[in-house]
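The values are calculated or read from the model by the stated rules, or taken from the named source; none is laboratory data. Remember, it's a predicted structure, so these values are computed and weren't measured experimentally. Virtual Cβ from ideal backbone geometry, glycine too; neighbours counted across all protein chains shown. With ligands, DNA and RNA removed, areas are computed over all heavy atoms of the protein, side chains included. Shrake-Rupley method; radii C 1.70, N 1.55, O 1.52, S 1.80 Å.
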Amino acid sequence: MNLEIAAFLVQDGMTVGAVYALLAVALVLVFTVTRIIFIPQGEFVSYGALTVVALNTGRTPNTIGLLVVLALLVWMREVWKLARTGFSWRVVNGILRDLAITAGVCAMGYIGASAQVPFAMKALISISIVVLIGTKVYRLVYEPLQSASILVLLIASVGVHLALTGIGLAMFGAEGSRTPPLVDLQANIGALTVTGQSVAIGVAALLAMLALSFFFGRTLEGKALKATAENRLGARLVGIRTVRAGRLALGVAAAIGSASGILLAPLSTIYYDTGFLIGLKGFIAAVIGGMVSYPVAAIGALMIGILESFITFETSSLKDVIVFTLILPVLLYRSLSFRDASQEQSN
Amino acid sequence: MSGPILDVRSLSVSYGKIEAIHALSLEVRPGTIVTVIGPNGAGKSTTLNAVSGLLPSRGTIQFLGRDVSNSEVEDRVEAGLILVPERRELFTGMTVSDNLRLGAYRFRRESHTEMASRLEAVYSTFPRLEERSSQLAGTLSGGERQMLAIGRALMSRPSLLMLDEPSLGLAPLVTREIFRIIAALRRTGVAVLLIEQNARAALEIADYGYVIERGAVVMADKAASLSENPKLIETYLGLPAVH
């Protein structure tokens, strides 16, 4: 291997690593706010990418159908709750607002399939659809489990992952797809060819991180989310609805996941289940960050990306084995410096 | 408003099969301080937790004339019913000023100037908090934490402030300061429901008092009359007040 190849591998690894970093950040976000180890994060990647593929080829994406079904289930439950606890304007308002947003996004999904709509708009529509799917899944599956243990939430996550993968196969079929590059540019720096797509991914990742750090550091809503992560009881006592915080966290995670998918789709073929492996690597990075540290998780993700790229060059068949083996020393270190997460929750 | 701000009727709370509170009734009138005293395990904290909505209960809880018995904690907070629990429940990894700002979460749609004037008001009540504003809440002393917990509650302009053992674990001098501030709240129109081990100190600042034992009210009278009640003096007021 010469320097030229090494530089190429580093560039490649950093591009993929940036996507892992985005997913790792999303996983840390969801875990800290809701205590859910969100295995289905990767499904958002496939859903986002394949929804945009559908829009790009002039088809109405099947994800709209899924969204409508999930929305109906959520509303049915809300109405049932109303019947049980008595009328409340707040709940009715919530249902009406939700109805309007869902209807709006579905309509956009239909319009988005037309050829005149620019790609950026299609990407935004796909992200909106996946975000709504994500929040609906949270409301249906996780909200009733709010006071459950981390283990129960994890088991639910595995169930949601399997369900979403199966639904993904039914919606998108077994064939993979790609999209044309978002940025069709190339630049040569010395012997190294930098593609516009990898720059776009890097910039998007950086922007997402900056936006998140602004959100958590400067806005009251962001601080409320941080407060919920730190002390749920304290948060409730100042009037922060932990359920709403959970929905917001899931929404942001779904946005990050689907955007990653859209960024990745021009680089590699995306299948209905591609997201799982990508999400799993994001998960390893999140574990490196102890499921709580955003910067450590992001750096871990970049390292995983670069390592993976070098391993693929040397021995591609063992790529995933080696990357997943990486988690062992991290877990060993973590278990040696063990602090019981469930204990922390009760404090 | 002439009626009570908080009107609790026949409140019962059970932990499994054990009934911790049985048919308890109490009321708090606007701008008054009401204290609930009683031995350890009498159900004082349980009462506050039920009124705040943290614990499921039976019976009716009317707040500002509205039945809130079935509302969530967050809805009661929105209405201005604020609890400062015994453990304070601060956001220890966040700064003092962020903790205070989050206290005003129910006014999150208001302008920055409104928020600033709220902060200003709390800082003038607790100058210590202003000095520590950029410090993490976890690094504060016990007294400062209690001040922050009360300050955070005041940020939400409560109609009724419920304090659970505010003097717990605090040095006598700090306790005195906290009680002085609680007594001063009356002038700002905030009603207070206070639970306190230090019964004498509590009765000194309170207008009205309830004595509860084994989950039921056994005595209720004006605070001044309670402090002179021989039975009460023997049971709870034997120790001199902290002053």
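Brief remarks follow.
- For the protein assembly as shown, the share of accessible area belonging to carbon and sulfur comes to 62 percent (1.4 Å probe, ligands and nucleic acids excluded).
- Normalised by the number of residues in chain A, the mean separation of alpha-carbon contacts (under 8 Å, six or more apart) gives a relative contact order of 38 percent.
- Placing dummy labels 7 Å off each Cα toward the beta-carbon, the span from A:Leu154 to B:Ser141 is 4.3 nm.
- Here the 3J(HN,Hα) profile of the range B:187-194, calculated from phi with Karplus coefficients 6.51, -1.76 and 1.60 at θ = phi - 60°, is 5, 8, x, 7, 8, 10, 10, 10 Hz, Gly and Pro shown as x.
- Helices that extend 15 Å or more along their long axis by alpha-carbon positions and average at least 0.0 on the Kyte-Doolittle scale are, among the DSSP H runs of chain B, B:142-154, B:172-185.
- Cα→Cβ-extended label distance, 7 Å offset, between A:Phe87 and A:Thr60, nm: 3.5 nm
- Between the range A:165-201 and the range B:3-20, the C-alpha centres lie 61 angstrom from each other.
- Between amide H atoms placed 1.01 Å from N, distances below 5 Å from B:Ser69 occur with B:Ile61, all of them 5 or more places distant or on a separate chain.
- Three-way shape call for the range A:241-335 based on the alpha-carbon gyration tensor, with the a/c threshold at 1.5: oblate
- FRET efficiency for B:Ala23 and B:Gln197, using Cβ-Cβ distance with R0 set to 35 Å, rounded to 0.05: 0.90
- Accessible surface, the range B:1-91, averaged per residue in Å² (probe 1.4 Å): 41 Å²
- Per residue, the range B:104-227 exposes 43 Å² of accessible surface when a 1.4 Å probe is rolled over the protein heavy atoms with every protein chain present.
- Long-range amide H partners of A:Gly173 with built H, under 5 Å: none
- Chain A, helix-only ellipticity at 222 nm - DSSP H runs n ≥ 4, -39,500 (n - 2.57), divided by all residues, nearest 500: -25000 deg cm²/dmol
- Excluding same-chain neighbours fewer than eight residues apart, the aspartates and glutamates reachable from A:Lys223 by a Cα-Cα span under 15 Å are B:Asp98.
- Taking 0.36 nm per residue of separation and subtracting the Cα-Cα distance, full extension of the segment from A:Glu78 to A:Leu96 would add 5.4 nm.
- Whole-Å distance, taken between Cα centres, linking the range A:241-279 and the range B:167-243: 55 Å
- Once exposed loop trypsin sites (Lys or Arg not before Pro) are cut out (DSSP; at most 11 other Cβ, 10 Å), longest piece of chain A: A:60-338
- Whichever lysines have a C-alpha closer than 20 Å to that of A:Lys281, once near sequence neighbours (fewer than 8 apart) are set aside: A:Lys319
- Fully extended contour minus Cα-Cα distance, from B:Thr188 to B:Ser12, at 0.36 nm per residue: 60.2 nm
- In the range A:192-227, the residues that give up 10 Å² or more of accessible area when the other protein chains are added, compared with the chain on its own (1.4 Å probe), are A:Leu220, A:Glu221, A:Lys223, A:Ala224, A:Lys226, A:Ala227.
- Residues of the range A:126-165 falling in the label zone of A:Ala103, defined by backbone nitrogen less than 17 Å from a point 7 Å along Cα to beta-carbon, are absent.
- Between the C-alpha center of the range A:203-225 and that of the range A:49-125 there is a gap of 25 Å.
- Interface area, A with B, accessible, probe 1.4 Å, both sides summed, Å² nearest 100: 2200 Å²
- Residue list for the range B:32-68, given a label point 7 angstrom along the Cα-to-Cβ vector of B:Met219 and an amide N cut-off under 16 Å: B:35-40, B:42
- Value at 222 nm in deg cm²/dmol, rounded to 500, when DSSP H runs of n ≥ 4 in chain B each add -39,500 (n - 2.57): -10500 deg cm²/dmol
- Proximal lysines relative to A:Lys226, as straight alpha-carbon distance under 24 Å, when same-chain residues fewer than 8 apart are discounted: A:Lys136
- Axial C-alpha extent at least 18 Å, average Kyte-Doolittle at least 1.0 - helices from chain A (DSSP): A:3-34, A:63-85, A:119-137, A:150-172, A:196-218, A:242-264, A:274-288, A:294-314
- Entry comment: accessible area of chain A is 46 Å² per residue, from protein heavy atoms only and a probe of 1.4 Å.
- Inter-label distance, B:Leu173 to A:Asn2: 7.7 nm, where each label sits 7 Å from its Cα along the C-beta direction.
- Between amide H atoms placed 1.01 Å from N, distances below 5 Å from B:Ser25 occur with B:Ser10, B:Leu11, B:Val217, all of them 5 or more places distant or on a separate chain.
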